[in-house]
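Visitor: Provided herewith is a single structure, encoded as structure tokens, for subsequent inquiry.
The values are calculated or read from the model by the stated rules, or taken from the named source; none is laboratory data. Just so it is clear, the structure is predicted and the values come from calculations on it, not from any experiment. For neighbour counting, all protein chains shown are included, and Cβ atoms are generated from backbone atoms with ideal geometry for every residue, glycine included. These area figures cover heavy atoms from the full protein model, side chains too; ligands, DNA and RNA do not enter into them. Shrake-Rupley method; radii C 1.70, N 1.55, O 1.52, S 1.80 Å.
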Amino acid sequence: MKESYRCWAEIDRAALRHNATVVRDRIGSAEILAVVKANAYGHGLLGVAQALAEDAQLFGVANLEEALVLRDSLPHPIVILGPATPEERSIIAAHGFIPTISSLEEAEAFDRLQPVAVNFKIDTGMGRMGVVQNKVLQVFKRTAALPNIEIHSISTHMPVSNEDAEYTRDQIVRFQRIVEQIRAEVPGTYKVHVLQSAGTLAFNPPTFEIVRAGIMLYGISPLPEFRELLKPVMTWKTRICLVRDLPKGSSISYGRTFIAPRNMRVATLSAGYADGYPWHLSNRGAAVLVHGRRCPLLGRVTMDLIVIDVSSLDDVQVGDDVILMGRDGNEEISCAELGERAGTITWEIITRIGARVRRVYV
């Protein structure tokens, strides 16, 4: 049915499972918490979760809305990694989701509802969530003593694991010491997790009992030296909707930022920034793949359409597939390349791909 799509993303289930195997090989018997927040990093929440159902022991989402969507399809424990708003707490408790708490006040609010298992977050340097280090033991003891609160897990988050190895190693040591102190003074069956994708690749061990696998599941390495271990999961495609011959001196797109230096054959593609193709790729040397060959992007990206140079190709036709991100033969437009040219990070490239881009699982 792809002929009916104007812009779509093909999601490779086998590549997902390969990447999950890479995680498993690096963490031994620890549980995999597959992070599928932000529509599974743009890959489609339900499709990805169903493909990973046999590989993951838990799933992680950002908020209650995502958790509710996931619960309809899978029985796995679901950890809500972001903070809950007050009105969401009763729904979280009623559905048995595992909220992440950062304060005694949050714990007490859940305690007033019904029995709830929680993820106790410690702030060791991220600064956006978690109990600060000098209050951890005091808050943990009081939280664990609440009659309706069960500590499911203890976690922290590493802010520079793909940028500053020295700080990250020190952070892990600090977290280990905190966990050792908590376990000595408040024994329990709770589990611990700190490693995410960069941590799993570069700072393993320690593993603890759970590992949060995020972007590496989608075949994107936060550290270039590990890129070959993983298989990209998404191929982002669109189609040629017009082919035109323009004379020298013609202007292309808003702002007239590109003037044809010669007679050119150009193709208009059915994708734009409303689909998530970054506007910041405009006039930045970006390209797409047509019949396995790179074709430069011309002028500014618009809401629904972009224009490329196909002068070097002899057999371009309306309806031909075009790869915005992915591999065709020996050529590849990687997510990392798009991020670098757009002046952003790979995470943003894939998570901003819009809802009108159909996800097709292959």
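For (1) closer than 30 Å to Leu45 by Cα; (2) open to solvent by 10 Å² or more (accessible area, probe 1.4 Å); (3) more than 18 Å from the chain's Cα centre (by Cα), each residue gets a yes or a no:
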position: Pro296; (1), (2), (3): no, yes, yes
position: Met303; (1), (2), (3): yes, yes, yes
position: Val310; (1), (2), (3): no, no, yes
position: Asp320; (1), (2), (3): yes, yes, yes
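Visitor: Any idea how many residues of region 65-107 are of a type in the set (Ser, Thr, Tyr), within 24 Å of Val48 (Cα to Cα) and open to solvent by 30 Å² or more (accessible area, probe 1.4 Å)?
Guide: Of the residues in that region, 1 qualify.
Visitor: May I ask you to verify whether Arg356 is closer than 29 Å to Ala15 by Cα, part of a loop (DSSP other than H, G, I, E, B), open to solvent by 70 Å² or more (accessible area, probe 1.4 Å) and not β-branched (Val, Ile, Thr)?
Guide: Yes.
Visitor: Sort out which residues of region 211-220 are out of contact with any strand residue (DSSP E or B) (no Cβ under 7 Å at 6 or more places or on another chain) and within 12 Å of Gln196 (Cβ to Cβ), and write them in order of number.
Guide: Ile215, Met216
Visitor: Of all residues in region 183-203, how many are under 26 Å from Arg24 (Cα atoms), modelled with pLDDT of 95 or more and either in a loop (DSSP other than H, G, I, E, B) or among the acidic types (Asp, Glu) (or both)?
Guide: Selection size over region 183-203: 6.
Visitor: Kindly provide the set of residues from region 182-211 that are within 25 Å of Tyr41 (Cα to Cα) and β-branched (Val, Ile, Thr), ordered by number.
Guide: Once the filter is applied, which keeps residues that are within 25 Å of Tyr41 (Cα to Cα) and β-branched (Val, Ile, Thr), region 182-211 yields Val192, Val194, Thr200, Thr207, Ile210, Val211.
Visitor: Quick check on region 65-84. Is at least one of its residues modelled with pLDDT of 95 or more and of a type in the set (S, T, N, Q)?
Guide: No: region 65-84 contains no residue that is modelled with pLDDT of 95 or more and of a type in the set (S, T, N, Q).
Visitor: Next question, about the same structure. Considering region 150-187 alone, what residues qualify as being in contact with a strand residue (DSSP E or B) (Cβ under 6 Å, 6 or more places away or on another chain) and within 23 Å of Phe97 (Cα to Cα)?
Guide: Glu150, Ile151, His152, Ser153, Ile154, Ser155, Thr156
Visitor: Of the residues that make up region 328-341, is at least one touching a helix residue (DSSP H, G or I) at 6+ places or on another chain (Cβ under 7 Å), farther than 28 Å from Val243 by Cβ and open to solvent by less than 60 Å² (accessible area, probe 1.4 Å)?
Guide: Yes, the conditions are met somewhere in region 328-341.
Visitor: Does Trp279 satisfy the criteria of being surrounded by 15 or more Cβ atoms within 10 Å (Cβ to Cβ) and under 30 Å from the mean Cα position of the chain (by Cα)?
Guide: no
Visitor: Return yes or no: is Val316 surrounded by 16 or more Cβ atoms within 10 Å (Cβ to Cβ), in a loop (DSSP other than H, G, I, E, B) and in contact with a strand residue (DSSP E or B) (Cβ under 6 Å, 6 or more places away or on another chain)?
Guide: Yes.
Visitor: For region 308-323, which positions are closer than 26 Å to Pro232 by Cα and not acidic (Asp, Glu)?
Guide: Ile308, Gly319, Val322, Ile323
Visitor: Next up: Mind counting the residues in region 336-362 that are closer than 17 Å to Val301 by Cβ and over 12 Å from the mean Cα position of the chain (by Cα)?
Guide: Residues meeting the conditions: 11.
Visitor: Among the residues of region 1-58, which ones are of a type in the set (S, T, N, Q) and assigned to a helix (DSSP H, G or I)?
Guide: Scanning region 1-58 gives Ser4, Asn19, Thr21, Asn39, Gln50.
Visitor: If I ask for residues that are open to solvent by less than 20 Å² (accessible area, probe 1.4 Å) and free of Cβ contacts under 8 Å to residues at least 60 places away in the same chain, which ones from region 204-245 would you list?
Guide: Matches in region 204-245: Ser221 only.
Visitor: Of the residues in region 137-171, how many are aliphatic (A, V, I, L, M) and surrounded by 20 or more Cβ atoms within 10 Å (Cβ to Cβ)?
Guide: Count: 4.
Visitor: If you don't mind, another one. Among the candidates Arg26, Arg6, single out the residue that is farther than 25 Å from Leu195 by Cβ, among the charged types (D, E, K, R) and open to solvent by 40 Å² or more (accessible area, probe 1.4 Å).
Guide: Arg6
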